[in-house]
Structures are given as C-alpha cells and as structure tokens.
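The values are calculated or read from the model by the stated rules, or taken from the named source; none is laboratory data. Bear in mind the structure is a predicted one, so any value in this text is a computation, not a measurement. When we count neighbours, we look across all protein chains shown, and the Cβ atoms used for this are built from the backbone with ideal geometry, even at glycine.
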Amino acid sequence: MGWHEVLEGQLVQENDVVGVKVDGRDVALYRVEGRIYATSNICTHGDALLSEGWVDDGCIECPLHQGRFEIATGKGQGTPISVDLETYAVKEECGRIFVEMS
Amino acid sequence: MINASQQDVVIVGAGLAGYNIAASLAQQGYAGAITLVGDEDWPPYDRPPLSKHYQTDGDESAILLAPELPPRIKQLRRRKALAIDIKNRLLQLDDDNELCWNKLVIATGARPRLLPNLQQSSRVRTLRTLDDAQAIRASLTPGSSLLVIGAGPIGLELATTATTLGVQSAVVEMASRVMGRSVPAAMAEAILQHHRAQDLAIHLGRTVAYLDENRGEAVLDNGYRVPAALVVVGIGVLANDELAAHAGIACDNGILVDAFGRTSAPDVFAVGDVTRQRHPVSGRLERIETWSNAQGQALAVAAFLCNPTQARPSGLIPWFWSDQGDLRLQCAGDIRGDIEAWRIDPSGGRILVQWTGGRVTGVAALNASRDFVQLKRLIVDRPTITPQQLTAPDLNIRTLVQQALTA
C-alpha cells in the first residue's frame, strides 16, 4: 500500500526499461521522452518479463512473442495480446523514483 | 445458395495464422462476413505450449488464443475443406455443404512426417494437435519412459518436460547434431552439452531399428536398447498444400506466396506453415515454420484485405524460441554465416552472432532474452557491429545497438 521508493532515477535511461520488485510484485519502469512510467513487468500473454523487451515509439514489445503494449496506458496493441497491462502511479522526486501500490 | 457479398472472407484452417487473420479483421471492423473453418473440435488454441506447459498442467483453457471468439467470427469446427473452386468462388466441405467466398485464405498448416516402419504400433505418436498432446500427456506418468525420435525443437522440449514429470526420457537423432535445421552448429553443440549434463540421454547418428513390444523397449541400429513405453516421432512436418495444388494454385513444397500472402490465384491468400516464401535474410524460397511467421504473415494479409493500398508487407525477420527445460533458446535470421562470435555474460547467458558479407545475418541466444531482443534489430539492412565490438569486455549491448541504429 502507498508509495514505495524503488530506484534512483538515473538508472532508468531514455527509451529503456528496468524491472524491479515492489511489494512482492514485478514492476517495469520506463522512461519515455523524459517521463517515468510503471506497468506490471509480466506480459499478459506469455510467461515473459517485459523488462527484457524492446522500447519503441511509446510501446514495450514483449521479448517472447513480440506482443506490444502502450507504455503510458498499458493498452494491448492487437494480437496476440487480448488483456491490457496493469499500470501504476509513479513519480520522480529528488532523483528518486516512487511507485504507488494499491 | 446466396452469392458471397463483395468482401466475404473464408479462412480454411483455425490455427494461429487463420485465427489471427480472423481476429485482426474483426478488430479492424472489416466489412464482410468472416468464416473460420477448422477440422479440430476446439476453439482456436496456441500450439507452442503443447510440448511444454500443457504437459505439466493439462489446462486446455490456458492455451486458448482468446477466451471467446469475437462475435463477428463464425467458426465451423470438425469441418475439412475438400476442394476449392476458384472460377465459381466456392469451397466444398466434407459435410456436403459449400461456402461462397469473395476472398479465400488458406491456413491449413502442416502435418507431422511419419516413420512408416514404426507408425503402426499403438505406442508411437506424433505431436501437432491438442488431441495428440492429450494422448501423450496421459502416458507421461512418473516412472514411465519416453523415447523421442528427432532432436528438433519439439522433441527436445517434450523430452525435457517429460524429465521434470519423472519420466525416463531419451532422444534418438539420425544426424550427427541436434536441431540441424534451426540453429547454428556451435549453438547446437552448446545445447547438446547442456542437456547431457542434465542426464538427458541423446543418441546421435542413430535410428530405431525396431520396437520390442513385449519389453516396451526400442532397439537402436547399433543394438542398444532404450526404454520406450511411449515413442514420439518429431522429425519435421509436411505442408498441407494439397487443397491448393488440386485447385491449380502454384505450389512447390508449400503454397508459393508473396509478402502479402498472395497466391497465384486472384483473391486467394495463404498464410502460416503451409506457405513457402522469400526468406528476407537468406533470399531463398523457404517454408518458415514458426509461430512468429504465422503471426506476422497473418497481420500483413489482414491489413491487405482491409486496405490494399495502405498495407505494408510484414518485413519480419524470421525468428523462433524454444524452451527446453531451463534453457530458453531464441534464434533469428539465417543459421549460416561467414564469421561468428560468442558473447558469454557472467550470469551464464550466451549469444552467438553470425555475419555474412560484413552484415549481421543471425543471432542465437541461450538464456539471454534481453540481449537477443537488442541484437536482433541489427539483422540485414542495418548499420552493423563488428565481432570485436561484440566480444569487448564491459560491453553494454543495449548501448552498442542503440549507437549502431542511430549512427
């Protein structure tokens, strides 16, 4: 519950993704156009970590089946994805990243 | 009989490729009716888990491609297509019905090659469908034994999965290496060493001479006996292209298609394992029997059906993955190259990159998904990296690839 401090901001570079554990959950942190985003790190389609995937054009591509999700909204971008990705509130303060778990 | 409206599409084959076209058309609001015809009695499902997760959990609902079919899609199950009438745009089914089509998509897939001298035994099976997987699963009980014939991806996946289920497993392969058609030789050797270190018996350069039915054993051509309560033959597949060939559509070990899945007949398309197409890396006409090809081709054909002037060919670099016990293998591009170099990271992940004519043409990875995803981007048309760069100590592959792509 509440905000969790997870990482130094500089560890998530532009157009990159980093996987972390927050409150026992797998969370992927992204930086797109300077902003930090957070989603579940587990692909809704297969047993794969999105933090091993490819960030491109505001989307994360799963390393296993190449399903794509919009990073900001978690929305699946067509087959093989039929379930959207959970997203989390995230903020960056004083060079630290915080994720909110409900 | 009513004539098909301007855009009614009939898809023959309800595997991944066929389903994806139907789902993609439905999603994009395609104007015509969408009919999906398949000869199995299941909703469309994903085949890769059949040799892995499904064998351990037996959960059919977990492998369905969609919890429910979109209402726009009409699925006909247990229906085999017997003949295509191109002139009158009809598809003849095995229940004496005919379907009218305006666009026809052939996604009939492939069927396992058989070994005629063994196949009459009730202990010998192949693995392609969910029904096959159910039957195999029923035999993989702890203390039982499995002999897989053929050390390709499906055979090695099944054998490693069976081992985790407490089944005594062995693999026999006619060739002198594993995964002969799908990974570079050096990667095949690494995979072989890994499995042997895990006590999976792999007999290379051997065939099964006969089955000793009384003792539940297989006798190899060198006289060696292997426990084999169940024998699974995994020696490749044959394209189900007869339906197309009989209709006069150009086939040559697969239905010949272009980058939009177009066949030699107007308004007839083909996708997935049944097709033979120009391989974007090797330049040869090949059957690309992978999940990612079925996926990518289907999306390209669906886009073309929705809007032929706007559609772009898939442009996908062929790649596949194979989970074998605790190995996750991923391989992209061509398996042959002039030069190759390994990169082994401290956590045990391994990457083999191949170059042809100075360009990166192949990337194969063992337990190195993240680096694979990055390096795969360099295949073919891109500015490239050198073997020296790849093997430099303290390398950040992501940075290297990003620099190469933006150079």
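Listing for the model above:
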{"item": "Tally of residues being free of Cβ contacts under 8 Å to residues at least 60 places away in the same chain and surrounded by 17 or more Cβ atoms within 10 Å (Cβ to Cβ) across segment B:265-278", "result": "3"}
{"item": "Single residue of segment A:43-78 satisfying the filter (in contact with a Ser or Thr (Cβ under 6 Å, 6 or more places away or on another chain) and not acidic (D, E)) that is modelled with the highest pLDDT", "result": "A:G74"}
{"item": "Residues (within 22 Å of B:I154 (Cα to Cα), of a type in the set (D, E, K, R) and in a loop (DSSP other than H, G, I, E, B)) located in segment B:200-240", "result": "B:R206"}
{"item": "Failed item in (1) touching a residue at least 60 places away in the same chain (Cβ under 8 Å); (2) under 30 Å from B:A26 (Cβ atoms); (3) of a type in the set (D, E), with A:E8 passing the rest", "result": "(2)"}
{"item": "Subset tally (residues that are modelled with pLDDT of 90 or more, among the hydrophobic types (A, V, I, L, M, F, W, C) and closer than 15 Å to B:G349 by Cα) for segment B:362-389", "result": "7"}
{"item": "Which numbered condition B:I335 misses (of (1) within 21 Å of the chain's Cα centre (by Cα); (2) within 14 Å of chain A (Cβ to nearest Cβ); (3) not charged (D, E, K, R))", "result": "(2)"}
{"item": "Among the candidates A:G34, A:G78, residue that is more than 24 Å from A:H4 (Cβ to Cβ) and without any contact (Cβ under 8 Å) to a residue 60 or more places away in the chain", "result": "A:G78"}
{"item": "Segment B:279-307 - residue that is assigned to a loop (DSSP other than H, G, I, E, B) and surrounded by 18 or more Cβ atoms within 10 Å (Cβ to Cβ) and, of those, nearest to the other protein chains (Cβ to nearest Cβ)", "result": "B:T290"}
{"item": "Criterion (aliphatic (A, V, I, L, M) and over 17 Å from B:R370 (Cβ atoms)) met by exactly one of A:V20, A:V12, A:V27, A:V32", "result": "A:V32"}
{"item": "Count of segment B:21-40 residues which are in contact (Cβ under 8 Å) with a residue 60 or more places away in the chain and under 20 Å from B:R111 (Cβ atoms)", "result": "2"}
{"item": "Any chance B:A245 is more than 20 Å from B:Q7 (Cβ to Cβ), outside any loop (DSSP other than H, G, I, E, B) and more than 14 Å from every other protein chain (Cβ to nearest Cβ)", "result": "yes"}
{"item": "Set B:I385, B:I379, B:I344: member being touching a residue at least 40 places away in the same chain (Cβ under 8 Å), surrounded by 14 or more Cβ atoms within 10 Å (Cβ to Cβ) and β-branched (V, I, T)", "result": "B:I379"}
